[in-house]
Structures are given as C-alpha cells and as structure tokens.
Amino acid sequence: MVLADKTIFVTGASGGLGRHFAGVLAAAGATVVLAARRMDALEQAAGEIVAAGGQARTVQLDVSDAGSVRAAFEAAGAPDVVVNNSGVTVSMPVLEQGESEWDHVVDTNLKGAFLVATEAARALRAAGKGGSIVNIASILGLRQGGAVTPYAVSKAGVIQLTKQLALELARFDIRVNAIAPGYVATDLNADFFATPAGEALVKRIPQRRLGRLHDLDGPLLLLASDASAYMTGSVLAVDGGHLCSGL
C-alpha cells in the first residue's frame, strides 16, 4: 500500500472532509491519528476505520489553543504526515460581522493551521526525520466570494503560510503543500445548491458540476506520499476549473 508504515495525523477528523480523509488514508495503509474536539464523534469514526480493517487512534484537540496542540502531539508522537484540515466559516454580509465572528473563523482556520504545522515540524525535527504537511486551503483563498470575508482571508493566509513554511522547513526535509478545493457537495450545502442561486453558481464552474469528496482523494494521496518527494510550496486547486472561469 502506498502509505504503509506511515502515521498520519488528521485534524478536524470528527466529520466532513477530515473524517473522509482519515478513511482514505487508512485504506491506503496508514495508521491514522484522528484529532478534533468531539471525542464521541472521533471514536465513532475511528471505530469505522478499524471495522474496515484499518488502523486508527484518537486524540482530543482544539487547534486554536496552543496548549491543546502541544498536548496532542505529546500524546501522538511525531507523525510522518499531518493533514491540517480543521476549519469553520460564518456566512453573513461583512458589515453585519463583528470581532467575535472574525476571531472564531481566523483563530481556527489560520492560527490553528499555524499552531498545528509548527508543532508538527518541531516534533519531526526532534525525531530527526522528514515529513509532509498538507494544509487544506480553498479557492476562496485565491478569489473572492460574497458574505465569507473572514473565511476567504483566513484561507489566503493558509496559502501564504504554506509557502512560508515550505521555504523555512525544507532544510529539515519537511515538505509543506496545500490543497485548495472548490465547491464540494456535502449534506450541509445540499439545500443551497438546490436553490436558483446555487444552480447559477454551478453553471459558472467550467465542468458544470460540484466536486465530490472522492475528487480530493488523488491530490491528498499524492501529497501525503513519497510520490510528491520533490514538491513543496505547491497549492493544488481541485475545483472543476472554477478558478479559470471567464469573468
């Protein structure tokens, strides 16, 4: 298996993309450490992986709290790969948002990515081994969208953080890359994409469809594996061509 003998730490693994990623990585042979705040959901996700023949364990983690991040890596040890996936959003017009909405999104998406990546890098450096950090960004870090200002700004920060860390950590044989998904169909957004506004958005995607969770599997496995050994500082857009759509 492509990820046999690798331990992979996945944040935000209690649901959504993170839970999906954990299953994909375990199926590829990795021992997966699922990390998030909700231990009940983590244990359920880990149980499903084990029942399918994979290897998984859990650790509680609040990515916005430096002490929690340190404790999680002390418990998990130095992984070979980190998937920096935790993220939240608030959808409302910018003039209706305040400091609390900004802090909630930016502390999780950007500060959290920084804390996890740097703590992972310290653990890898101390262990004397290289590794791979995969940050989950968004095409909204490269373009603009209505009513998601803190989210878009945080994801732009994640993209620049990826490149900065790639530069500084290369000397330790630690690679840092990012995936920038476009709009991916989930249970949470199904109602919106059934509305006229949602249907109009899909029509602006060159492939004329939403992404599916499995569309992210290939880029994830590439960046988590040694197949990307000469890649660092890269940002892979997985968006059906949305970024190159006409204005």
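Taken together, the values in this text are just the output of simple stated rules run on the coordinates, not laboratory data. What you see is a predicted model, and the numbers here were worked out from it, not measured in a lab. Every residue, glycine as well, gets a Cβ built from its backbone with ideal geometry; the counts of neighbours run over all protein chains shown.
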- Query: In this structure, does Glu48 turn out to be surrounded by fewer than 16 Cβ atoms within 10 Å (Cβ to Cβ), over 23 Å from Leu110 (Cα atoms) and in contact with a Ser or Thr (Cβ under 8 Å, 6 or more places away or on another chain)?
  - Reply: no
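Within region 74-82, can one find any residue that is over 17 Å from the mean Cα position of the chain (by Cα), more than 18 Å from Val116 (Cβ to Cβ) and surrounded by fewer than 15 Cβ atoms within 10 Å (Cβ to Cβ)?
First pass over region 74-82, keeping only residues over 17 Å from the mean Cα position of the chain (by Cα): 74-78.
Filter once more, keeping what is more than 18 Å from Val116 (Cβ to Cβ): none.
No: region 74-82 contains no residue that is over 17 Å from the mean Cα position of the chain (by Cα), more than 18 Å from Val116 (Cβ to Cβ) and surrounded by fewer than 15 Cβ atoms within 10 Å (Cβ to Cβ).
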Given the conditions (1) within 19 Å of Ala76 (Cβ to Cβ); (2) in contact with a helix residue (DSSP H, G or I) (Cβ under 8 Å, 6 or more places away or on another chain), every one holds for Thr31 apart from (2)
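Is it true that Leu216 is surrounded by 13 or more Cβ atoms within 10 Å (Cβ to Cβ) and under 14 Å from the mean Cα position of the chain (by Cα)? Walk me through it before giving the result.
On the way: surrounded by 13 or more Cβ atoms within 10 Å (Cβ to Cβ): yes; under 14 Å from the mean Cα position of the chain (by Cα): yes.
The answer is yes for Leu216.
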